[in-house]
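Notes to accompany the following structure.
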Amino acid sequence: MICEKILGTLDRDKASQKTVEYVDFDWEDAFKKLHKKVTDKGTEIGIRLDDTVLTRGIRQDDILYEDDSKIIAARILPCKMIKVTVREDHPCMVAKVCYEIGNRHAQLFYGETKNEFLTIYNEPMLLMLSKLHGTDAEVITAVPDFEKRISSGAPGHHH
């Protein structure tokens, strides 16, 4: 079976009426056009998406296939992320945090509060963010929420 477009987002009504199978994606795979995957129930699928996936990404619960009895939806796997919190008494450091992450062409996401930001974990990034005055950086495990993505480019940009 070949899936060529995202058909919408899985909701509770659809999930309760049909069998739902999930296909897992690492965060960086969510921005690729071609995939050969197996769902959690053993269905083999090929995915061939257009160029919009390069910037939008495949998101949690995106429907890749649907028929009268079955839905195949995307599941984004948790990964190590860095949560950076800018302390209330250092509000101008928000710009510095965002600049430093963006300058490394890393994914940047809004956090749960106005002074919280997330990026995908790597050790050099953690060390750099840990040294910024007025900020706290910690490693967490989370599912990247592409709806909260600040950066617009796809991963994998290199000079």
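Only residues that are open to solvent by less than 40 Å² (accessible area, probe 1.4 Å), within 22 Å of the chain's Cα centre (by Cα) and over 17 Å from ILE140 (Cα atoms): list them for the range 80-100, please. Answer for the range 80-100, where residues must be open to solvent by less than 40 Å² (accessible area, probe 1.4 Å), within 22 Å of the chain's Cα centre (by Cα) and over 17 Å from ILE140 (Cα atoms): VAL94, VAL97, CYS98, GLU100. Of the residues making up the range 10-41, those that are farther than 22 Å from CYS79 by Cα, surrounded by fewer than 18 Cβ atoms within 10 Å (Cβ to Cβ) and either among the hydrophobic types (A, V, I, L, M, F, W, C) or touching an Asp or Glu at 6+ places or on another chain (Cβ under 6 Å) (or both) number 2. Checking LEU64, LEU77 one by one, the residue that is within 22 Å of the chain's Cα centre (by Cα), crowded, with 17+ Cβ neighbours inside 10 Å and not charged (D, E, K, R) is LEU64 and no other.
Do any helices (runs of 4 or more DSSP H) lying entirely in the range 53-159 carry at least 2 residues that are among the aliphatic types (A, V, I, L, M) and under 30 Å from VAL20 (Cα atoms), and which ones are they?
The helices (runs of 4 or more DSSP H) meeting that bar are 53-56.
When LYS131, LYS80, LYS148, LYS96 are checked against the criterion of being modelled with pLDDT of 95 or more, under 24 Å from PHE31 (Cα atoms) and either among the acidic types (Asp, Glu) or out of contact with any Asp or Glu (no Cβ under 8 Å at 6 or more places or on another chain) (or both), a single residue qualifies: LYS80.
The values are calculated or read from the model by the stated rules, or taken from the named source; none is laboratory data. Since the model is a prediction, treat every value here as computed from it, not as a measurement. Every residue, glycine as well, gets a Cβ built from its backbone with ideal geometry; the counts of neighbours run over all protein chains shown. Ligands, DNA and RNA are excluded from the accessible area calculation, which covers all protein heavy atoms including side chains. Shrake-Rupley method; radii C 1.70, N 1.55, O 1.52, S 1.80 Å.
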